[in-house]
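Peer 1: Take a look at this one; I'll ask things after.
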Amino acid sequence: MSASPRALRALVLLAGFYLVALAVLGVLVGADVAAWIWAPAPVAIKVTVITALLGYPVLRGAFALGEGSGDEREALPVTEAEQPELWGTVRALAERSGTRAPDEILLVGEVNAAVSEDARLLGLLPGRRRLYIGVPLLAGLSEPQLHSVIAHELGHYGNADTRLAGITRRGRDCVLRTVGAFQERERKRIGKERSRQEKADAKRLRKGKKARGVDTGRTGLRYRVMAKPFQAYARFYLRVTSGVGRQQELAADRMAVRVAGRDATASALREIAALDAAHDFYQSRYAMLGVEAGLLPPRGEVFGGLRRLLADPERRSALAELRGELPADEESPYDSHPPVAERVRLIEALPDDGRGADPARPALALLRDTERVLARLEDVLLTPEALAMERAEWPELAHRAMYTRATVGAGPLRTALATAGVASGSASGDLTALLDSADTGRLWLVAGYLPKSSDAARATGRAAREFLRPALEAGTYRLAELALVEKAGAYWELSWSERVRLRLPGAAYSGGTQGAPDMEKAPDMEEALAAAVRAATADAPDTAPLRTLLSH
Amino acid sequence: MSGIIPLTILVVMLCFWLRSRRRAKRAEGIASEIGAGLLPAERQNTDRAAPDPEAEAVLAALSRGDWLPAAQALAAAGTDWERRSYLVGIVAARAADDDTWLRAWQAARPGDPDAAVVHADAKVSLAWQIRGGAWAKDTSAERFEGFHRVLNEAREDFARAEALAHPGDPTPYLLQIPLYMGLGAPHEALHGLWAEVTKRAPYHYEAHWYALQFWSAKWRGSKDLARDFAAQAAATAPPGSLLTMFPLVSWYEHNDDEAPAEAYGWPEMTALTDAALADVAMARPGHPRIAEVRHLLAYCLTKQGRYEAALEQFRMVDGHVEALPWRYYGDPAEFYCHVRDVALKGAAAARIAG
């Protein structure tokens with residue numbers, strides 16, 4: 001068995017890590033003993049406190065003290081009573097993988113599935129098993145594809161070939177945890193020191209002295225020094241064992257193929273790459289669209305709305321392209337995963353098992369009471385601030401979110417207009433005042449009141465104008481949007497196939513081809529608006545196009 | 001007895017000291033004598049490499065918003081492409097600060113090729129003003145955004161200037177080289193542009209100046225590419241075209257900071273300097289770039305210890321110091337005078353010894 005010698009080596013390496021940990025702890029205890037024997041009591045107390053502080057991360061990392069459950073990611077546990085189909089599937093897959101089924105199933109919000117195990121006695125004894133399933137996977141994968149993903153994860157528990165190699169996995173976690181514990185301590189320490197110095201600076205300033213500035217270079221030094229041997233060992237360890245980690249992944253892939261079929265496994269890997277991009281896109285462009293305005297989509301939609309994006313025909317074809325080209329991520333010696341493209345290539349090179357990738361039920365069908373689960377997931381995953389936000393239906397959310405952005409975006413320019421003494425109060429009035437200023441050659445006088453960077457403030461002549469131009473153009477565009485909303489009843493419309501666009505109520509618009517559907521007119525409107533804004537803020541300003549647009 | 005020896009040593013040392021002091025005094029006297037006509041730092045013009053009354057008159061008129069002398073000067077330059085690109089550069093630099101008069105010019109003469117090329121080149125100057133002269137890592141995203149935005153606008157302006165220009169005019173092409181530099185154009189793109197330039201003016205000084213910058217290590221090339229480009233240009237150009245300047249420029253740009261002082265005296269450098277001296281002697285007197293070459297020659301000759309020859313160049317350009325290498329220093333006039341004084345003292349010492 002080829003895995004055994006490597007796994008044995010990993011075991012020795014892990015033992016070596018504990019040796020380092022014990023040696024460090026020994027030095028610390030030795031220092032304590034020496035201090036209590038030879039130094040006066042106050043010094044000895046100080047030494048003890050310092051060594052205790054320094055020793056804590058070592059203990060915590062190496063022996064997983066104070067870790068609680070060992071895994072503190074936020075997730076929604078689902079019981080067998082709530083989700084009998086999901087549990088049934090997982091149990092059946094575990095049986096076919098030849099491993100013990102997990103003790104808990106938890107839902108998370110990422111495009112990911114994972115397993116964890118609270119191992120005991122330095123990771124030599126098995127412990128409580130958890131299976132994490134990302135809800136976006138349920139939304140985007142078919143049932144066989146999900147089988148493949150779960151089988152892959154279960155394969156990490158149970159691959160007979162890699163049972164010994166499990167120590168490597170546990171060892172890696174252990175090493176990284178120790179280094180992580182040190183970094184966390186150091187960060188906390190530096191954070192404390194920073195706020196202390198900032199407070200001191202504020203005090204000095206209040207007293208009329210010059211601030212010293214914040215320097216945290218020396219703070220956290222002790223932790224950095226302590227972490228050094230562990231970091232060095234961790235690098236060494238990871239380099240030596242990453243090959244084993246990669247082999248484990250490939251072994252888990254083989255398990256997935258055996259259980260779920262070749263085509264389902266390969267297509268699941270491709271799908272996940274595309275789904276990852278779609279999920280990020282959905283989160284930033286849709287779910288979080290209204291956050292600035294204090295708005296969230298209706299309950300259940302924060303994670304569930306992804307289904308709408310995935311169902312859109314135009315987005316589907318874009319995703320199909322993503323599936324075709326796999327990310328060519330660079331291979332890093334520390335990465336335990338082989339590149340996805342490599343994994344897919346290996347799987348697709350296997351002989352056809354005749355199981356194909358037939359169109360099958362979406363994986364979400366495994367979930368009972370989907371909407372309620374999605375809503376409960378929000379309760380677990382969202383921050384209290386987010387949960388307190390107002391909920392709005394998608395169309396309303398889009399309009400109010402964009403209106404807030406336009407208001408914020410037009411803010412600096414409207415302040416500049418007010419400073420120049422030409423603001424009128426309403427958006428359309430402010431825009432007219434701006435255009436009048438442009439026509440009377442006072443545009444850059446107004447623009448001069450926009451907030452400036454130090455570079456921009458130093459510039460003179462044309463260069464000064466160029467520094468201000470992006471802010472002036474953006475502000476004017478936003479102000480024009482607000483004016484169109486105010487005067488022409490324009491509104492922002494959400495689309496699942498493209499970005500949110502500003503639209504005019506059909507009849508009021510005359511720029512597009514007569515009788516063309518609204519869909520095709522709208523882009524023209526935004527382009528016309530952008531061109532009109534550029535003309536109005538050009539060196540030789542022409543405000544006519546913008547005035548015409550607004551007179552509708 | 002034992003006191004005699006130290007005493008003798010002391011007396012001998014005193015004699016030597018007095019002698020060297022006397023010599024130094026004499027050298028100083030001679031130096032001030034032979035440098036009598038040279039100007040102090042505060043009277044050096046730091047805007048130009050040589051006097052140019054026509055350019056001064058054009059700029060004075062532009063300060064009043066009068067663009068006509070600029071248009072006339074460009075028309076008078078005609079097909080003297082060296083003079084034309086030089087004047088366009090001067091006028092465009094002014095337009096980068098304030099272009100009110102340029103807009104008046106364009107309004108009065110729509111489709112004027114001179115105004116078009118000034119307009120385009122002014123955008124490049126403006127872009128560089130926005131970027132500033134700092135290293136990329138010290139330049140803010142805001143500066144870079146403006147730099148790239150204005151350079152991209154300049155591309156369109158140059159396309160217009162090319163369309164309006166005299167078919168044999170290399171100016172709108174060669175002035176695009178800094179634009180290609182700023183936008184990080186690939187080597188093939190510059191080769192294409194360079195073909196357009198050399199088709200019209202194979203030995204154009206300013207074109208080679210910009211191209212050498214492009215091929216330098218600090219922009220899109222390397223030490224070797226710059227050296228090869230400069231050597232090739234110097235080897236193929238007819239005498240008097242002043243392209244022998246560029247091997248010196250390339251050497252200075254890539255080596256001056258690190259090379260030991262005596263490196264200027266190595267045979268390779270001496271040969272390059274001699275070639276440039278011969279080239280300058282053959283150049284037409286009105287060549288707008290001849291002073292620039294003399295400035296760098298004066299520096300190299302001084303570094304080589306060829307003080308009399310250096311002084312000869314210093315005398316011909318004294319009074320205007322906007323040239324390599326002085327312009328790279330915070331106080332160009334001061335550095336110029338410092339090097340000039342080295343040459344003066346060296347020449348005086350040589351006269352005493354000789």
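The values are calculated or read from the model by the stated rules, or taken from the named source; none is laboratory data. Everything numeric in this text was worked out from a predicted model, so none of it was measured. Note that we place each Cβ from the backbone using ideal geometry, even for glycine, and neighbour counts take in every protein chain shown.
Peer 1: Taking the conditions exactly as written (touching a residue at least 60 places away in the same chain (Cβ under 8 Å), outside the structural domain of A:ARG499 (by TED's automatic domain parsing) and in a helix (DSSP H, G or I)), does A:LEU310 satisfy them or not? If you could, list the steps in order and put the result at the bottom.
Peer 2: Numbers: touching a residue at least 60 places away in the same chain (Cβ under 8 Å): yes; outside the structural domain of A:ARG499 (by TED's automatic domain parsing): yes; in a helix (DSSP H, G or I): yes.
Here the answer is yes, as A:LEU310 does meet what is asked.
Peer 1: Determine, yes or no, whether B:LEU225 is of a type in the set (A, V, I, L, M) and either surrounded by 20 or more Cβ atoms within 10 Å (Cβ to Cβ) or touching an Asp or Glu at 6+ places or on another chain (Cβ under 8 Å) (or both).
Peer 2: Considered against the rule, which asks whether it is of a type in the set (A, V, I, L, M) and either surrounded by 20 or more Cβ atoms within 10 Å (Cβ to Cβ) or touching an Asp or Glu at 6+ places or on another chain (Cβ under 8 Å) (or both), B:LEU225 comes out as no.
Peer 1: Would region B:81-92 turn up any residue that is closer than 30 Å to A:PHE467 by Cβ, within 14 Å of another protein chain (Cβ to nearest Cβ) and either without any contact (Cβ under 8 Å) to a residue 24 or more places away in the chain or under 25 Å from the mean Cα position of the chain (by Cα) (or both)?
Peer 2: Scanning region B:81-92, I find at least one residue that is closer than 30 Å to A:PHE467 by Cβ, within 14 Å of another protein chain (Cβ to nearest Cβ) and either without any contact (Cβ under 8 Å) to a residue 24 or more places away in the chain or under 25 Å from the mean Cα position of the chain (by Cα) (or both), so the answer is yes.
Peer 1: A further question follows. Could you count how many residues in region A:412-423 are assigned to a helix (DSSP H, G or I) and either in contact with a Ser or Thr (Cβ under 9 Å, 6 or more places away or on another chain) or touching a residue at least 24 places away in the same chain (Cβ under 8 Å) (or both)?
Peer 2: Counting residues in region A:412-423 that are assigned to a helix (DSSP H, G or I) and either in contact with a Ser or Thr (Cβ under 9 Å, 6 or more places away or on another chain) or touching a residue at least 24 places away in the same chain (Cβ under 8 Å) (or both) gives 7.
Peer 1: In addition: Among the helices (runs of 4 or more DSSP H) lying completely within region B:116-184, list those that include at least 2 residues that are within 13 Å of chain A (Cβ to nearest Cβ) and without any contact (Cβ under 8 Å) to a residue 24 or more places away in the chain.
Peer 2: Per the criteria, B:141-164.
Peer 1: Among the candidates A:GLU473, A:GLU466, single out the residue that is within 14 Å of chain B (Cβ to nearest Cβ) and surrounded by 21 or more Cβ atoms within 10 Å (Cβ to Cβ).
Peer 2: It is A:GLU466.
Peer 1: Moving to a separate point now. If you check B:ALA49 against the conditions, is it buried (at least 22 other Cβ atoms within 10 Å of the Cβ), away from chain A (no Cβ under 14 Å) and more than 24 Å from A:GLY461 (Cα to Cα)?
Peer 2: yes
Peer 1: Continuing with this model, one more query. Hey, could you check region B:92-116 for residues that are crowded, with 16+ Cβ neighbours inside 10 Å and in contact with a Leu (Cβ under 7 Å, 6 or more places away or on another chain) and say which is farthest from B:ALA217 (Cα to Cα)?
Peer 2: Of everything passing the filter in region B:92-116, B:TRP101 is farthest from B:ALA217 (Cα to Cα).
Peer 1: Looking at region B:4-102, what helices (runs of 4 or more DSSP H) fall wholly within it and have at least 3 residues that are closer than 15 Å to B:VAL117 by Cα?
Peer 2: Counting at least 3 such residues, we get B:68-77, B:81-95.
Peer 1: B:ALA57 versus (1) more than 19 Å from the chain's Cα centre (by Cα); (2) within 14 Å of chain A (Cβ to nearest Cβ): which is the lone unmet condition?
Peer 2: (2)
Peer 1: Could we say that B:GLY221 is in a loop (DSSP other than H, G, I, E, B) and either in contact (Cβ under 8 Å) with a residue 40 or more places away in the chain or touching a Lys or Arg at 6+ places or on another chain (Cβ under 8 Å) (or both) here?
Peer 2: no
Peer 1: Sticking with this one: Residue pairs, Cβ under 8 Å, 6 or more apart or interchain, first in region A:528-552 and within 14 Å of chain B (Cβ to nearest Cβ), second of a type in the set (Lys, Arg). List them.
Peer 2: If the second residue must be of a type in the set (Lys, Arg), the pairs left are A:THR537/A:ARG469; A:ASP539/A:ARG465; A:ASP539/B:ARG103; A:ALA540/B:ARG103.
Peer 1: Could you say whether any residue in region A:389-407 is within 14 Å of chain B (Cβ to nearest Cβ), small (Gly, Ala, Ser) and in a loop (DSSP other than H, G, I, E, B)?
Peer 2: Scanning region A:389-407 turns up no residue that is within 14 Å of chain B (Cβ to nearest Cβ), small (Gly, Ala, Ser) and in a loop (DSSP other than H, G, I, E, B).
Peer 1: Checking A:LEU28 against (1) outside the structural domain of A:VAL175 (by TED's automatic domain parsing); (2) at pLDDT 85 or above, only one condition comes out false. Which one?
Peer 2: With (1) outside the structural domain of A:VAL175 (by TED's automatic domain parsing); (2) at pLDDT 85 or above applied to A:LEU28, the lone miss is (1).
Peer 1: Does any residue of region A:357-377 turn out to be touching a Gly at 6+ places or on another chain (Cβ under 6 Å), among the acidic types (Asp, Glu) and either at positive phi or not in a loop (DSSP other than H, G, I, E, B) (or both)?
Peer 2: yes
Peer 1: Still on this structure, please answer the following. I need the full set of residues from region A:412-452 which are closer than 20 Å to B:ASP97 by Cβ, of a type outside the set (A, V, I, L, M, F, W, C) and within 14 Å of chain B (Cβ to nearest Cβ), in order please.
Peer 2: Selection gives A:GLY441, A:LYS452.
Peer 1: Further, regarding this structure: With the requirement that a residue be among the aliphatic types (A, V, I, L, M), assigned to a helix (DSSP H, G or I) and in contact with a helix residue (DSSP H, G or I) (Cβ under 9 Å, 6 or more places away or on another chain), what does region A:378-388 give you?
Peer 2: At the first step, the residues of region A:378-388 found to be among the aliphatic types (A, V, I, L, M) are A:380-382, A:386-388.
If we keep only those that are assigned to a helix (DSSP H, G or I) as well, we get A:380-381, A:386-387.
Once the filter is applied, which keeps residues that are among the aliphatic types (A, V, I, L, M), assigned to a helix (DSSP H, G or I) and in contact with a helix residue (DSSP H, G or I) (Cβ under 9 Å, 6 or more places away or on another chain), region A:378-388 yields A:LEU381, A:ALA386, A:LEU387.
Peer 1: Follow-up. For residues that are in contact with a helix residue (DSSP H, G or I) (Cβ under 7 Å, 6 or more places away or on another chain) and modelled with pLDDT of 85 or more, scanning just region A:327-345, find the one that is surrounded by the fewest Cβ atoms within 10 Å (Cβ to Cβ).
Peer 2: A:VAL344
Peer 1: Only one of B:GLY240, B:GLY286, B:GLY265 is surrounded by fewer than 22 Cβ atoms within 10 Å (Cβ to Cβ) and on the phi > 0 side of the Ramachandran plot. Can you tell me which?
Peer 2: Of B:GLY240, B:GLY286, B:GLY265, the one residue that is surrounded by fewer than 22 Cβ atoms within 10 Å (Cβ to Cβ) and on the phi > 0 side of the Ramachandran plot is B:GLY240.
Peer 1: Further question: Can you find a residue that is β-branched (Val, Ile, Thr) and either under 23 Å from the mean Cα position of the chain (by Cα) or in the same structural domain as B:TYR329 (by TED's automatic domain parsing) (or both) anywhere in region B:145-166?
Peer 2: For region B:145-166, residues β-branched (Val, Ile, Thr) and either under 23 Å from the mean Cα position of the chain (by Cα) or in the same structural domain as B:TYR329 (by TED's automatic domain parsing) (or both): absent.
Peer 1: Would you check if B:ALA71 is in the same structural domain as B:ALA163 (by TED's automatic domain parsing) and over 18 Å from B:GLU162 (Cα atoms)? Show your work before the answer.
Peer 2: Working: in the same structural domain as B:ALA163 (by TED's automatic domain parsing): yes; over 18 Å from B:GLU162 (Cα atoms): no.
For B:ALA71, the condition - in the same structural domain as B:ALA163 (by TED's automatic domain parsing) and over 18 Å from B:GLU162 (Cα atoms) - is not met.
Peer 1: Tell me the residue from B:ALA70, B:ALA95 that is closer than 17 Å to B:LYS123 by Cα, touching a helix residue (DSSP H, G or I) at 6+ places or on another chain (Cβ under 9 Å) and touching a residue at least 12 places away in the same chain (Cβ under 8 Å), please.
Peer 2: B:ALA95
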